[in-house]
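Following: one structure in structure tokens, then a few remarks.
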Amino acid sequence: MTDTRPYRITVLLFDGVEELDFTGPWETLRIWQTVATRPVSVRTASLDGAPVRCALGLTVTPDGGIDDEPRPDLIVHPGGAGIDTLYADQTHLARMRALAEHGTIMTSVCNGAMVYAAAGLLDGRAATSHWLVLDELAGQHPKVEVVRDRRWVDAGPVVTSAGITAGIDMALHLVDRLENTDTARAVAGMLEHPWDPRVDLVAATSPENRHHTLTNILPLMQAARRAD
């Protein structure tokens, strides 16, 4: 008998989530849902099922709550300013550990990896995050094998990506892993995204771009945080 149960994917939302951290993987995986050779179900979920206000002001109504049944087979944990709260939320960290213990594939985008590190899910594993966060990740969690200049790192039960748009590359890798490379390339073509199975070996952004971020954007972000 053919198993018709859908492969369940949950994309987490929370107040302060970075918009492209979740919309990039969500759309990538949602397109896969339309062409997958097996049933796939992609949903969004907030901590309590209520709408969330994202990092840049977008308000989003999720499909439900993170604790709704049934348990997802794969979860995408984005990053964003809201990570500062989740990083210290013991209920949320226990939730992530419980999902991992029950076999959910744990994936993160950007500084979402900090939550997994706080939950102990990255201990003894290779992982990456946004380049601005890597020193913090290494300093606060010395048991994590921090990987630099990679768009994503697949450590089996846990898959982490670099910042923001790298989440799209990771999601395409997940399509490759869960189905096949041809399907991943087809989804990339629909997205008009320059992806191939080896793009993880390319740094998420160039040293020149990082320099401009440090001089032009980061000071403004820090000033805005101080003002809050």
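The values are calculated or read from the model by the stated rules, or taken from the named source; none is laboratory data. A quick note: this is a predicted structure, and the numbers were derived from the prediction, not measured. Note that we place each Cβ from the backbone using ideal geometry, even for glycine, and neighbour counts take in every protein chain shown. Heads up: the accessible areas ignore ligands, DNA and RNA and are worked out on the full protein's heavy atoms, side chains in. Shrake-Rupley method; radii C 1.70, N 1.55, O 1.52, S 1.80 Å.
Couplings for the range 36-48, taken from phi via the Karplus curve 6.51 cos²θ - 1.76 cosθ + 1.60 with θ = phi - 60°, read 4, 7, 10, x, 10, 10, 10, 9, 9, 8, 9, 4, 10 Hz in order; Gly and Pro are left as x. Under the shape rule built on the C-alpha gyration tensor, where the axes satisfy a ≥ b ≥ c, the range 22-85 is prolate, since a/c reaches at least 1.5 and a/b is greater than b/c. For a test of the definition: using alpha carbon positions, the gyration tensor, and the 1.5 limit on a/c, classify the range 1-45 as rounded, prolate or oblate. Verdict is oblate for the range 1-45.
In terms of its C-alpha gyration tensor, the range 70-228 comes out oblate, because a/c is 1.5 or above while a/b does not outweigh b/c. Relative contact order of the range 57-143: 29 percent, from C-alpha pairs under 8 Å at least 6 residues apart in sequence.
A dipole drawn for the range 124-228 from +1 and -1 charges on Cβ atoms has a positive end, and of W131, P157, H141 the residue lying farthest that way is H141. Residue-wise HN-Hα couplings along the range 83-92, as the Karplus relation 6.51 cos²θ - 1.76 cosθ + 1.60 with θ = phi - 60° gives them from phi, are 4, 4, 7, 5, 4, 9, 8, 5, 5, 5 Hz; Gly and Pro carry x. Spin-label pair E19-N209: with each label point 7 Å from Cα along the Cα-Cβ axis, the two points sit 1.9 nm from one another.
Take every DSSP beta bridge whose two residues both sit in the chain; close to 25 percent of them are antiparallel.
Model label sites at L218 and A186, defined 7 Å from Cα along the beta-carbon direction, differ in position by 4.3 nm. What the chain shows is 48 Å² of accessible area per residue, with the surface traced by a 1.4 Å probe over protein heavy atoms. Projecting label points 7 angstrom from Cα along Cα→Cβ for R177 and D123 puts them 2.2 nm apart.
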